[in-house]
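Shown next, in structure tokens, is the structure this report addresses.
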Amino acid sequence: MKRDPVAFLKEDMTELRNNNLEWIIRYLEQGSKPHSVVDGKEVLMLNTNNYLGLATHPKIIQAAIDATKKYGAGAGAVPVIAGSFDLTKQFEEKFAEFKEVEASILCQTGFAVNSGLIPMLVGKPDIVVSDELNHGSIIDGVRLSGAKRIIYKHCDVGDLERQLKEAEKEGPRRICIITDGVFSMDGDIAPLDKIAKVAEDFGAMIFVDDCHGEGVLGSGRGIVAHFKLQGKVHVEGGSMSKGFGVFGGTVAGSRDLIEFCANKSRTYLLSTAHPPGVVAANKASIEVVESEPEHVKRVWEHTNYFKKEVQSMGYNTGNSQTPIIPLIIGNPGKAQELARVLFVEENIYGTPIVFPMVAKELSRIRVQMNALLTKEDLTMALGAIEKVGKKLQII
Ligand SMILES: *Cc1c(COP(=O)(O)O)cnc(C)c1O
């Protein structure tokens, strides 16, 4: 009998379903904002990275419309082939000033920064020393680089130092320490101040991926500003798609770094630039963060209140230090069930996070705060989370 070359597609999906590990995509019929319509239902969304609520901010929407009218819908090519927009240059200058660095570059996505740039910064003769909970896109970038990867215990600077000593013995050409700024599944903050000290001792390059710190830490400027480490972190990768509410990846740092990235990062060289509407919206978003500090303030007020309340109900929120507040359940089936009941019975959209995003036994619902939530929204959400948690014997 001839084999079926694609039988594995259905088999693999059946296995995922049977293990409660299937991702279900729901469809939004309105914008990504706390009160939205999802799969035909009015729900409260507690699961977006749009921390400041900027995805639907009127000034940012208007900037996208104006630029689209003036420049059209698409970019036409990769920047190095057929040019970038003057809008992009304006964004990059604005963003560098905001980040308090020499220069910045707008890349396709945060993922593309990691998969395109990391393999150019390090290669076979080098060693990457990487936090054990780093984002999957960092892991992929390091794999593509061919550099040796040494893992250090999560946020453990003592262990980092031990691993750096080991790395040094091997006589690598370069050593690069890579860490998330804010860890996306746990909401804890990398000890970047201590990491920077250790890095200096070993002459190691520091690459921080601050996708979840931007918009939230350091008045929105991210983890480097939070620890006042401007000029001491060699590569700052980020995303315009999270706290800033729009779309795109960023690299911020020295002018040398940015020129290197534009000439070498394969994703920058080989993937089309952003539509002008996106670029203009990104710039408007940074201007809003600077001129309307109330959004950052509100998301922190909500975070402090909500976290205290769920903890007093008995939920395990791990080491959360930011608006990412995991409700760690353990069993993946139970996490899925909590999310399902909250959605179906309580109109609350909170996403279960299971393997491979987190280890199987640390399955959770990841709650994320948003500046646009109101006190009434939070009261409603907390009431439902308590009720369903008790019903399912989680708390
Ligand atoms: C979300 C995320 C990315 C990917 O960013 P995109 O712009 O969505 O591609 C990369 N790294 C980390 C740490 C992230 O949280």
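Values in this text are rule-based calculations from the coordinates and carry no lab data. Bear in mind that the values here come from a model prediction, so they are computed numbers and not experimental data. As a convention, Cβ positions derive from the backbone with ideal geometry for all residues, glycine included, and neighbour counts pool all protein chains shown.
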- Note on the structure: Counting only residues 5 or more apart in sequence or on a different chain, those whose built amide H sits under 5 Å from that of residue 250 are 107, 238, 239, 240
- Item | Phi-based couplings in Hz for the stretch 218-225 (Karplus 6.51, -1.76, 1.60; Gly and Pro marked x) | x, 6, x, 7, x, 5, 5, 5
- Query: Taking the Cα-to-Cβ direction at residue 197 and at residue 361 and moving 7 Å from each Cα, how far apart do the two end points lie in nm?
  - Reply: 3.4 nm
- Among 67, 135, 243, whose Cα lies farthest out toward the positive end of the dipole of the stretch 58-291, if unit charges sit on the beta carbon of Lys, Arg (+1) and Asp, Glu (-1)? 67
- With a bin width of 5 angstrom, please list the P(r) values of the stretch 58-291 as percents of all Cα-Cα pairs, from the 0 bin to the one holding the largest distance. 1, 7, 15, 19, 20, 16, 10, 6, 3, 2, 0, 0
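Report, in listed order, any pair from 89/232; 148/169; 334/387; 242/264 with a Cα-Cα distance greater than 23 Å.
Result: 89/232; 242/264 exceed 23 Å.
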- Could you give the length gained on full extension between residue 345 and residue 65, defined as 0.36 nm per residue of separation minus the Cα-Cα distance, in nm? 97.0 nm
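Return the loop-located trypsin sites (Lys or Arg not before Pro) in the stretch 146-244 (DSSP other than H, G, I, E, B) with at most 14 other Cβ atoms within 10 Å of their own Cβ; answer none if there are none. Provide the component values of the computation, followed by the final result.
Working: sites: 148, 149, 153, 162, 165, 169, 173, 174, 194, 197, 221, 228, 232, 242; in loops: 153, 173, 174, 221, 228, 232, 242.
Here the sparse-neighbourhood loop sites are 153, 173, 228.
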- Inter-label distance for residue 382 and residue 259, nm, one decimal - labels placed 7 Å from Cα along Cα-to-Cβ: 5.5 nm
- Task: Between the alpha-carbon centers of the stretch 181-251 and the stretch 78-147, tell me the distance in whole angstrom.
- Result: 13 Å
- Query: With the chain treated as a Gaussian network of Cα nodes joined by springs under 10 Å, which of 19, 331, 47 yields the largest mean-square fluctuation?
  - Reply: 19
- Query: Once the mean 1/r over all distinct Cα pairs of the chain is inverted, what Kirkwood radius in angstroms do you read off?
  - Reply: 22.1 Å
- What longest range of the chain stays clear of loop-exposed GluC sites (Glu not before Pro) (DSSP non-H/G/I/E/B, at most 15 other C-beta within 10 angstrom)? 171-395
- Pull out the extension gain between residue 16 and residue 305, defined as 0.36 nm times the separation in residues minus the alpha carbon to alpha carbon distance; nm, one decimal. 100.4 nm
- Message: If amide hydrogens are placed 1.01 Å from N in the peptide plane, which non-local residues have theirs closer than 5 Å to the one on residue 152?
- Response: 130, 131, 132
- Relative contact order %, the chain, counting alpha carbon pairs below 8 Å whose residues are six or more apart: 22 percent
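Would you mind getting the Kirkwood hydrodynamic radius of the stretch 351-395 from its Cα pairs, rounded to one decimal in Å?
Details: mean 1/r = 0.0822 Å⁻¹.
Its Kirkwood hydrodynamic radius stands at 12.2 Å.
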- Query: Loop-only check: which trypsin sites (Lys or Arg not before Pro) in the stretch 1-70 are DSSP coil with at most 10 other Cβ within 10 angstrom?
  - Reply: 2, 3
- Item | Isotropic mean projected area of the C-alpha convex hull, the stretch 1-146 (nm²) | 16.2 nm²
- Task: Holding the Cα-Cα limit at 25 Å, pick out from 10/33; 360/390; 297/391 the pairs that are longer than that.
- Result: 10/33; 297/391
